[in-house]
1. Looking only at the stretch 75-118, count how many residues are within 16 Å of residue 16 (Cβ to Cβ) and among the β-branched types (Val, Ile, Thr).
2. Which residue pairs have Cβ atoms closer than 8 Å, lie 6 or more positions apart in sequence or on different chains, and pair a first residue in the stretch 139-156 that is open to solvent by 80 Å² or more (accessible area, probe 1.4 Å) with a second residue that is part of a helix (DSSP H, G or I) and β-branched (Val, Ile, Thr)?
3. Just to check your reading of the model, which residue among 94, 114 is part of a helix (DSSP H, G or I), farther than 20 Å from residue 171 by Cα and open to solvent by 40 Å² or more (accessible area, probe 1.4 Å)?
4. I'm told residue 72 meets every condition in (1) open to solvent by less than 10 Å² (accessible area, probe 1.4 Å); (2) farther than 18 Å from residue 16 by Cα except one. Can you identify the failing condition by its number?
5. Scan 156, 74 and give me the residue that is on the phi > 0 side of the Ramachandran plot and modelled with pLDDT under 95.
Amino acid sequence: MRSRDLAQIALFAAIMVVLGFFPLIQLPGAFAPFTSQTLGVILAGSILGAKRGALAILLFVVLVLVGLPVLPGGRGGLSVIFGPTGGFVLAYPIGALVIGLLTERVWKHYNLPIALAINFLGGAIVLYAIGIPWMAAAAHIPLTKAFTTSVAFIPGDIVKTVIGSLAAVAVRRAYPLIPARA
């Protein structure tokens, strides 16, 4: 791996940390807070691609695991991972990987509608698929309750998907970081 790749991985891990400075919004009755860090997952996967994007977000998760207060509200450590929101945090690298793989696959035809679909799939659906069952188990609640409390986050996830997709399409045009595939 080149030093440029390492710098990009570190940069996007740092972007995740900066996105953690935005205050968390705890919705009434929800077990997980609304955060802006999903945007970082979308940006890493769609701008860096699968390998570098997933590694950037994995580096961020390692920072959380060792206890650094990089999540909104100054949270970090194993208590967060074993809590109701841990599944979402652990799903971040997988979401970035899915976004990156799909983005690389359609790179020649990448545009805003494609970006929106890919980024919502990886930045919301994948995270929900892992985070909601984890939340149900960690909070000792029925899966249906975990699912219904998570529905309130969909409008915010749509906004983050639009912002991330607009940024990814703009970066692709101006300075593509993902190499064109044959």
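The values are calculated or read from the model by the stated rules, or taken from the named source; none is laboratory data. Predicted model only: the values in this text are computed from it and were never measured. Note that each Cβ is placed from the backbone with ideal geometry, even for glycine, and that neighbours are counted across all protein chains shown. Only protein heavy atoms, including side chains, enter the accessible area calculation; ligands, DNA and RNA are left aside. Shrake-Rupley method; radii C 1.70, N 1.55, O 1.52, S 1.80 Å.
1. Looking only at that region, the number is 6.
2. Close Cβ pairs satisfying both conditions: 143/132; 147/132.
3. Working: 114 fails: farther than 20 Å from residue 171 by Cα.
Criteria check complete, one pass: 94.
4. Of the numbered conditions (1) open to solvent by less than 10 Å² (accessible area, probe 1.4 Å); (2) farther than 18 Å from residue 16 by Cα, the odd one out for residue 72 is (2).
5. Working: 156 fails: on the phi > 0 side of the Ramachandran plot.
Just one listed residue meets the conditions, 74.
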